[in-house]
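Computed from the coordinates by the stated procedures, all read-outs in this text should not be read as laboratory data. The model shown is predicted, which means the values in this text are computed figures rather than measured ones. With ideal geometry, Cβ positions are generated from the backbone for all residues, glycine too; neighbour counts draw on all protein chains shown.
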Amino acid sequence: MLNNVIVPGKSLGGILLGEEVKNVVDRLNGAHLIEYLDKNTLKVDGGVITIYHDSVDGRIENLACNAEFHGSYQGKLWPGMTVGDVLKMTKKQMAWCGFVQVDDIQGVGLPLPGEFDDFEKLIDFLDPEFIFNELWVCSF
């Protein structure tokens, strides 16, 4: 079963980075809709959680959730938050590997739009009402 817990660099919704995707599918199948997008990606419940895994060894490499995921990390990061929310809830924001990383917390981030990979200030390129539709948990 899924939960609403976000652990940076470790897990999302009770799914662990490094876990074998087959074990997750076996655990969730029946209670949740599993949809394979390609050989490396599957969605749970229409994308509430998206699992990215190595197609050779089956280990989960990254996890993402959309705004239908009803969890947050320490009340300061969640999918569906706006740039204004990020500025209000966090002290420090930086661009890192295509993500907004906040307060030096590694292993969790909000993906930047494809055309933006760096910023001095988050509002340099993004309007305060811009919505981050996803949150990612990763090991890098």
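Is the stretch 6-66 rounded, prolate or oblate when judged by the Cα gyration tensor, a ≥ b ≥ c being the square roots of its eigenvalues, rounded requiring a/c under 1.5 and prolate requiring a/b larger than b/c? Here the stretch 6-66 falls in the rounded category. The alpha carbon gyration tensor of the stretch 83-133 gives principal lengths a ≥ b ≥ c with a/c below 1.5, which makes the shape rounded. Across LEU33, LEU12, LEU122, mean-square fluctuation computed from a Gaussian network of the chain (C-alpha pairs under 10 Å connected) peaks at LEU33. Here is how the number arises for the chain: DSSP H runs of 4 or more residues each give -39500 (n - 2.57), the sum is divided by the residue count, and the result at 222 nm is -3000 deg cm²/dmol.
Shape class of the chain from the Cα gyration tensor (axes a ≥ b ≥ c, square roots of the eigenvalues): prolate, since a/c reaches 1.5 or more and a/b is larger than b/c. Of the trypsin sites (Lys or Arg not before Pro) found in the stretch 20-61, those that fall in a DSSP loop while having at most 12 other beta-carbon atoms within 10 Å are LYS39. Which net charge results when you count Lys and Arg as +1 and Asp and Glu as -1 among the other residues whose beta-carbon is under 15 Å from that of ASP57? Taking every other residue near ASP57 into account, the sum is -1.
Return HIS53, HIS32, HIS70 ranked ascending by Cβ neighbour count within 10 Å, so the fewest neighbours appear first. Display every interim value, and only then the final one.
Details: HIS53 23, HIS32 17, HIS70 13.
Starting with the residue having the fewest Cβ neighbours, the order is HIS70, HIS32, HIS53.
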